[in-house]
Structures are given as C-alpha cells and as structure tokens.
C-alpha cells in the first residue's frame with residue numbers, strides 16, 4: 001500500500017501528452033552570475049488535488065567514493081528508492097548520516113559496496129565520511145511530480161509539463177539553513193510553449209573545498 | 001651696594017639664568033622628543049595589539065573548530081543527547097580555556113549552556129557572529145556580563161550544518177600581562193567598554209593599574225590620536241583603538257598609555273651628572289666673575305680713594321694705575337692734576353726762587 005501512494009496516475013499523464021506538454025528550462029546562477037550545478041528543481045501543482053505522475057518501480061542508485069569525494073554531490077531519489085555506496089578508493093571510508101529521515105553508519109573498505117539502503121521518507125539526507133571531513137553528498141528524497149537536477153551549465157530541464165499553475169522550488173545544499181527554498185510561480189498555457197525560468201541563489205561556500213591551502217601542501 | 005658687588009651679582013645672575021635656560025631648553029627638547037617617540041610607539045603598538053588579537057582569534061577559532069569535528073560530539077548533537085553534549089562541551093572548553101560553552105541552534109536558540117552560575121539565556125546574544133560562522137569560524141572580543149570575552153563561534157557539520165558552538169574565552173588581566181611580556185606593548189594597556197549610561201568601564205588591564213580611560217575621558221569619545229594627559233601627577237601619552245567586536249556588543253576599546261615619567265627615567269642619571277657639571281661650572285663662573293669684577297673695579301676704587309683725598313686737601317699721593325685704557329688715562333690725568341696741585345701748594349722758597357711767574361710758565 002505504501003508504494004501505491006506514489007503510483008503512477010497514467011490517465012492524467014496520458015491526457016496531458018495528448019494536449020501537448022511544455023518543456024521548462026530553469027537557469028540557475030549564483031549571486032555572481034555563475035552557473036550553479038547540483039541544484040534540485042521541484043515542480044508542484046498549485047491545485048493539490050491535481051493528479052501527479054510517478055514512475056512505476058523503485059530504483060537503486062549508486063553513490064561512488066573516489067578520490068575522497070562522493071560522486072555525485074547531489075542525487076535525487078523517490079520514496080522507496082535505495083542507495084548503494086561503493087568505495088573506489090584505496091582507503092577506507094566511514095560513511096555516516098545523522099539525518100532524521102535516515103540514519104546509518106558503516107565502514108567501507110577499498111572496493112567494497114554497501115548493502116542497499118532504502119530511503120522511505122521525504123527529506124534531505126546529508127551523508128559524510130568521518131575520516132575525510134570534506135567528503136559530503138546529499139540524497140534528495142522527494143515525491144514531487146516533477147523533479148530535476150541542474151547540470152554543470154546550471155540548467156535543469158523538465159519536460160512534459162501539463163497546462164496549469166505550478167510552484168517551482170529550487171533547493172541547493174549551500175543555501176543558508178533555516179530559510180525556505182526559492183519558490184516561483186509558473187503558468188503553463190494550453191499551447192504548451194517552452195518556458196524559460198531564471199533563478200538566482202545566494203550560496204554559502206562549498207564545504208568540499210579545501211579550507212586553507214596556505215598551510216597544507218597536500 | 002658697591003660697584004664690585006653689583007658687578008659680581010650681575011655676572012653670577014647672568015650665568016645662573018643662562019644655565020637655567022639651557023637646562024630648561026634641553027629638558028623641553030628631550031620631553032618633546034619623547035612625546036613624539038611615544039606617539040609613534042603608541043600608533044605602532046595599537047596596530048600590533050590589534051594584529052596580535054586577530055592572530056590569537058584565528059588560532060583559537062581553529063582550535064575550537066577542530067574540537068567540533070569530534071565524531072562523538074557531532075553524533076550527540078545530531079541525536080539531541082543533551083547530557084552528552086554538555087559533558088563534551090565542558091571537556092572541549094577546558095582544552096581551549098573557555099569559561100562558557102554554548103550550543104546554538106541554526107535559529108539562534110541556545111540548546112545547551114555549560115554555565116551554571118550565569119542566568120540562563122534563550123537566544124545567543126551576538127547574532128552577527130553566528131551569521132558569519134555559517135561561512136567560516138568567526139571570533140570577536142565582546143563585553144558580556146561586565147567582562148571581556150573572546151567569543152568564538154564555529155559551525156558544527158554532520159556533515160551538513162546542524163548547529164553552532166560558541167566558546168567564551170575570557171580576555172582578562174593575566175592575558176593582557178602575558179601579551180605585554182611577549183611584545184613591545186606599552187606598560188599601560190587596558191580594555192574598556194561603555195556602560196549603558198555612557199561611562200567607560202575598565203574590564204581588563206595589563207601590568208599597570210592606572211585607570212587611563214576613566215581618568216582621561218569619563219564619558220564621550222576617547223582620543224583616537226595620541227594625546228598627552230596628566231593623571232595622578234604623572235604624564236602619559238594616551239591612544240584609544242577600537243577593537244573588532246560584535247555589532248551586538250558594547251564597544252570595546254583598547255586604551256594604550258605611554259608614561260613620559262618612565263621614558264624620562266633613563267635620562268635622570270644623565271641629568272644628575274649634567275646638573276653636577278652645571279653646579280661646578282657655576283662655582284667656577286662665580287670665582288671667575290669675582291676675579292673679573294675685582295680687575296674692573298680695583299682701578300675705579302683707587303681713583304675714588306684718590307678723589308676723596310683730593311677733596312680732603314691731601315695732594316700727597318697720586319693714584320698709581322697702570323692701564324692702557326680709558327681708566328688708565330683718567331688715572332694719569334688725575335695723577336698729573338695731583339702733582340700740579342702739590343707743586344702749586346708747596347711752601348715758596350725763602351729766596352723766592354724760582355719766581356712764581358716763571359714756575360707757572362713751565
């Protein structure tokens with residue numbers, strides 16, 4: 001029954017297809033105008049009773065650890081999906097999360113993969129390595145009908161948007177904590193024209209950056 | 001008062017006045033030089049002091065930041081294990097010399113406070129520090145509960161930002177004295193803050209116990225440029241420099257004082273030797289003045305005595321002044337006058353020879 005809550009409403013999706021769906025491109029930049037990658041764009045219909053889309057089956061995605069870096073930095077999950085951590089480094093990694101929605105802690109030796117961890121609850125799961133302070137990845141678990149992650153060029157593309165009114169929310173790991181996500185209204189006309197949306201984010205420094213190059217030579 | 005006494009008095013007075021003026025001039029020049037030197041030293045010292053505090057701030061912030069990387073502490077914070085958090089904070093506070101450690105939520109609410117004696121607080125009182133700490137550890141000297149503290153705020157990441165830890169490290173007399181030992185800071189240094197009624201209150205001071213700021217300027221602006229001031233009979237060059245503080249804290253000012261008396265102390269032995277030399281010079285000058293006065297007044301006195309004898313009708317002695325100047329000419333003229341008078345007044349020869357008319361022709 002749990003999965004049923006997130007099942008596909010095929011009829012609505014098919015209907016929108018037949019009417020002609022729009023494509024939305026969100027351009028995300030930071031305060032200096034530079035493209036922002038790894039931002040998560042979610043689109044939620046304003047009419048909460050409207051039917052939404054959902055993929056049919058749960059997925060398992062792999063987060064790799066290579067060169068003391070989690071890859072990818074941000075990964076999108078649907079409730080019920082699973083994540084597997086793989087260690088591609090020669091060193092051990094002590095993977096942990098204290099997120100309220102999913103807590104775990106284990107050590108992965110070189111070449112080892114973790115057992116699949118199911119992510120049932122919506123929310124952001126920040127995962128780190130206790131050995132390497134700068135290793136961090138975010139598992140973004142959302143049940144929004146449409147969701148996309150911005151690429152290196154700062155663009156997140158969402159297609160098959162039906163006509164209607166929506167809220168476009170943008171989240172990024174480096175947004176100031178305690179503040180609501182950036183949200184903008186979006187109207188898709190029946191004509192299904194492609195839409196462009198620009199979002200500027202004020203971000204904190206990247207926690208993966210090395211703190212002080214002056215004192216370290218490694 | 002005789003001519004000789006007046007002459008000696010004039011010479012001695014001139015010499016004494018000259019010596020006093022010279023001594024005063026040298027003292028004033030030295031004092032002005034020391035004031036200039038003190039002003040320059042204070043400006044440099046103020047810069048060095050601010051830099052020292054910044055350096056120490058950075059080191060303390062780094063130390064506190066390292067403590068927050070402790071996995072057990074982060075786990076306890078993430079799991080809201082308050083007792084463990086308090087215990088760990090006390091332990092880490094001891095390591096960095098903090099007298100009070102606070103766990104601050106991302107909304108600024110106090111989640112844990114190691115202080116048992118201070119009144120409890122709900123919100124962290126220096127929000128600009130927590131705001132800055134979201135990007136990197138922040139530190140500033142703040143006035144809190146009537147004392148000066150280094151307030152160091154560091155983020156706690158697990159691995160996302162989950163809270164902030166604030167460490168309150170006292171900046172007290174001992175710390176300032178320690179800084180003075182390590183650097184070129186002047187002997188008088190104190191941290192002052194402004195109370196609610198605008199008065200300056202000393203919250204920490206170095207080795208010198210004088211309350212410079214409260215004497216100098218009980219209220220209002222403290223001197224931002226070097227200023228000479230007399231306090232308790234001693235002269236100081238004073239300079240106030242505002243320290244980097246929190247916007248929510250009362251202003252913290254470092255008051256630096258350069259004691260002119262202390263600066264003049266090395267010159268006192270030189271001054272004593274110089275005074276002795278002056279006294280010897282003055283004694284020698286008095287003797288010389290006496291000799292000179294005697295040389296000048298002696299012929300005048302002889303002439304005066306000769307004049308008195310003439311007035312009394314005594315032409316028996318002529319003044320014996322051998323000088324090739326105006327006094328000598330006067331003496332010679334007087335001697336000739338006495339001789340002539342003596343010749344005219346001597347008894348006439350019985351034979352009437354030489355006749356008076358003939359004598360007068362010669």
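Rule-based calculations on the coordinates, nothing more; no lab input. Values in this document were obtained by computation on a predicted structure and should not be read as measured data. Neighbour counts run over all protein chains shown; Cβ positions are idealised from the backbone, glycine included.
Summary of values
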item: Gyration tensor (Cα) of the range B:259-299, equivalent ellipsoid semi-axes in angstrom; result: 38, 8, 4
item: Length released on extending from residue B:316 to residue B:304, taking residue separation times 0.36 nm less the Cα-Cα span; result: 2.8 nm
item: Isotropically averaged projected area of the range B:1-45, using the convex hull of Cα atoms (one quarter of hull area), nm²; result: 3.0 nm²
item: Among B:147, B:345, B:244, residue whose mean-square fluctuation peaks in a GNM of chain B (springs only between Cα atoms under 10 Å); result: B:345
item: 0 to 90° range, to nearest 10: angle between helix B:260-311 axis and chain B longest Cα axis; result: 10 degrees
item: Isotropic mean projected area of the C-alpha convex hull, the range B:58-170 (nm²); result: 6.1 nm²
item: Cβ-based exposure ranking for B:27, B:315, in which fewest neighbours within 10 Å come first; result: B:27, B:315
item: On Cα atoms only, tilt of B:82-96 relative to the major axis of chain B in degrees; result: 30 degrees
item: Residue with peak Gaussian network fluctuation, chain B [Cα springs, cutoff 10 Å], from B:252, B:189, B:276; result: B:276
item: The range A:168-207, Rg to Rh (Cα coordinates; Rh as Kirkwood inverse mean 1/r); result: 1.11
item: Per-residue average of Cβ from other chains inside 10 Å of A:129-137; result: 2
item: Choice from B:300, B:322, B:153 with maximal GNM fluctuation in chain B (Cα, 10 Å cutoff); result: B:322
item: D_trans [Stokes-Einstein, Kirkwood Rh over alpha-carbon pairs] for chain B, 10 °C, 1.306 mPa s, µm² s⁻¹; result: 57 µm²/s
item: For the range B:126-247: relative contact order, % (alpha-carbon pairs under 8 angstrom, 6 or more apart); result: 19 percent
item: Ranked list, fewest to most other Cβ atoms within 10 Å of each Cβ, for B:142, B:291; result: B:291, B:142
item: Prolate/oblate/rounded call for the range A:24-138, Cα gyration tensor, a/c under 1.5 rounded; result: oblate
item: Highest to lowest packing among B:166-173, A:116-123, scored as the average C-beta count within 10 Å; result: B:166-173, A:116-123
item: Prolate/oblate/rounded label for the protein assembly as shown (Cα gyration tensor, a/c 1.5); result: prolate
item: Exposure proxy ranking, count of Cβ atoms within 10 Å, fewest first, for B:297, A:97; result: B:297, A:97
item: Chain B - percent relative contact order, Cα under 8 Å, separation 6 or more; result: 15 percent
item: Averaged over A:89-101, number of beta-carbon atoms from partner chains that fall within 10 Å; result: 2
item: Inter-centroid distance (Cα atoms) of the range B:272-343 relative to the range A:142-188, Å; result: 119 Å
item: Cβ-Cβ FRET estimate between residue A:153 and residue A:60, R0 fixed at 30 Å, reported to 0.05; result: 0.60
item: Rh (Kirkwood; distinct C-alpha pairs) - the range A:111-152, Å; result: 12.8 Å
item: Listed peptides A:177-185, B:6-14 by packing density, highest first (mean Cβ within 10 Å); result: B:6-14, A:177-185
item: Within 10 Å of each Cβ in B:150-163, the average number of Cβ atoms from other chains; result: 4
item: At R0 = 51 Å, FRET efficiency that the Cβ-Cβ distance of residue A:183 and residue B:267 yields, to 0.05; result: 0.10
item: Angle between chain B longest axis and helix B:3-68 axis [Cα atoms, degrees, rounded to 10]; result: 10 degrees
item: Mean Cα-pair separation over length for the range B:58-170, i.e. relative contact order, pairs under 8 Å, 6 or more apart, %; result: 30 percent
item: Computed E for residue A:115/residue B:132 - FRET, C-beta separation, R0 41 angstrom, nearest 0.05; result: 0.50
